[in-house]
1. Between Ile18 and Asn45, what FRET efficiency comes out of the Förster formula 1/(1 + (r/R0)^6) with R0 = 30 Å and r the beta carbon distance, rounded to 0.05?
2. Any chance you could get the radius of gyration and Dmax over the Cα atoms of region 64-140, in Å?
3. Return the distance in nm (one decimal) between the two label points of a simple spin-label model at Val145 and Gln74, each offset 7 Å from Cα along Cα→Cβ.
4. For a Förster distance of 35 Å, can you work out the FRET efficiency between the beta-carbons of Glu53 and Ile93, rounded to the nearest 0.05?
Amino acid sequence: MKKLSNKRLKQMVPLIFIFVMLCSILGLTGCSNSVNTPNTASNSNTYQQITAEEAANMMQSETDYIILDVRTAQEYESGHIPGAVNLPNETIISEAIQQLPDKEQLILVYCRSGNRSKQASKKLVDLGYTNIVEFGGINDWSGEVVT
């Protein structure tokens, strides 16, 4: 067996040190007792997006829900989905808790084209609502519209 020279040994020390550190780090991560479980708080910080057709099907199959029209009052009066409640996107933060007291109730959100309904859905989630479903705009709605 060949003996390593002092010079060669000194060159290998940094490599050995790096190797030992990497092994230690990998070994410690394997010893973790934590289990990767979903964080329900972060999972509830989102809303579901579906199509207008899927929303119509949901309205037929579900019984306890609110249809939320986030357009202006004038737009709402010009035609809305039957049973929809009007809460303009601009007033959601100040009026949601009054008009929508149950934060766990299914709320189906729409606007004209889908932009404001996405904004409103995000605001509702930020306010603590946990069952928000956004389905775009009335422009995509093929069901009944009332004035």
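1. Step by step, r from the Cβ atoms, then E = 0.15.
2. For region 64-140, the Cα-based Rg and Dmax read 11.0, 31 Å.
3. Label at Val145, label at Gln74, 1.7 nm between them.
4. Working from the Cβ atoms, E equals 0.70.
No lab work stands behind these numbers, since they all come straight from the coordinates. Just so you know, these numbers come straight off a predicted model, no measurement behind them. Because the Cβ atoms are built from the backbone with ideal geometry, glycine has one as well, and the counts that use them run over all protein chains shown.
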